[in-house]
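Have a look at the structure below, then the notes.
The values are calculated or read from the model by the stated rules, or taken from the named source; none is laboratory data. Computed from a prediction, not measured in an experiment: that's the story for all the values here. Don't worry about glycine lacking a Cβ; one is built from the backbone with ideal geometry, like all the others, and counts go over all protein chains shown. Please note that ligands, DNA and RNA were not included when accessible areas were found on the heavy atoms of the full protein model with its side chains. Shrake-Rupley method; radii C 1.70, N 1.55, O 1.52, S 1.80 Å.
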Amino acid sequence: MTTTGLHYVIDEDDRLVRASDGYFSFARENGWAGVDASIGRSIWDFVAGEQPRNILRILLRRVRDMNREIELPFRCDGPGVRREMDIRLASTPSGRAVLFRARLQNEITREFQPLLDPKARTGGAPIEMCSWCDRFQVAGDWVEVEEAAARLMLFQRADPPPISHNICGDCSETLLAA
Ligand SMILES: [Zn+2]
């Protein structure tokens, strides 16, 4: 997995204006759609879910208005890997642009998880995933993907459920305290 020099910059209008080679390789390896045409586009085209968008908006406002730097742990799991990362958001000296710098802390290979496979054909009612810690909500509990798959009996199903993006209570607290 490519995670060296994973950074990108958004301008004052939240458009992606620059990204490192590491960002493009990482995005391609993770099957992010449309990554090769992403320069010049709004980051809001890539952030799914009302809550994740609200939280990111708050963080960006803090970084810009208070000229702060925020560093937070987050997860960026793939279908066969659990990936613990951290990300730093910093305003640039010129003002309203924001630099995002992500760093891999720990990567653990695991059983393939169809819930996280971007190429999977999905069906049935959607399942909520926290955009920040990559846990899933099953019957009111936020659980790791392995437990979600077991509780949903995913391996006996033809199609995994589609994912809708949210922020869990724990992450919402952490992020708003940042
Ligand atoms: Zn979470």
Within the range 9-30, can one find any residue that is at pLDDT below 85 and either of a type outside the set (K, R) or crowded, with 16+ Cβ neighbours inside 10 Å (or both)?
-> yes
Which of the residues belonging to the range 66-99 are within 27 Å of E29 (Cβ to Cβ), open to solvent by 70 Å² or more (accessible area, probe 1.4 Å) and not basic (K, R)?
-> E71, P73
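Residue-by-condition table, conditions (1) open to solvent by less than 30 Å² (accessible area, probe 1.4 Å); (2) modelled with pLDDT of 90 or more:
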{"position": "R101", "(1), (2)": "no, yes"}
{"position": "M129", "(1), (2)": "yes, yes"}
{"position": "V138", "(1), (2)": "yes, yes"}
{"position": "L154", "(1), (2)": "yes, no"}
List the pairs whose first member sits in the range 153-178 and is farther than 11 Å from T122 by Cβ and within 13 Å of the ligand (Cβ to nearest atom), whose second member is open to solvent by 80 Å² or more (accessible area, probe 1.4 Å) and in a helix (DSSP H, G or I), and whose Cβ atoms are under 9 Å apart, counting only residues at least 6 apart or on separate chains?
-> H165/E50; N166/E50
Of the residues in the range 156-170 that are assigned to a loop (DSSP other than H, G, I, E, B) and under 14 Å from the mean Cα position of the chain (by Cα), the one that is surrounded by the most Cβ atoms within 10 Å (Cβ to Cβ) is I167
Within the range 96-143, can you find the residues that are outside any strand (DSSP E or B) and within 16 Å of the ligand (Cβ to nearest atom)?
-> L115, L116, S131, W132, C133, D134, R135, G140
If you take the residues of the range 49-65 that are buried (at least 17 other Cβ atoms within 10 Å of the Cβ) and within 23 Å of P118 (Cα to Cα), which of them is nearest to the chain's Cα centre (by Cα)?
-> P52
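Tell me whether the range 70-81 contains one or more residues that are within 14 Å of the ligand (Cβ to nearest atom) and in contact with a Cys (Cβ under 6 Å, 6 or more places away or on another chain).
Our first condition is that a residue be within 14 Å of the ligand (Cβ to nearest atom); within the range 70-81, this holds for 72-77.
In the following step, the residues that additionally are in contact with a Cys (Cβ under 6 Å, 6 or more places away or on another chain) were identified as 75.
For the range 70-81, residues within 14 Å of the ligand (Cβ to nearest atom) and in contact with a Cys (Cβ under 6 Å, 6 or more places away or on another chain): present.
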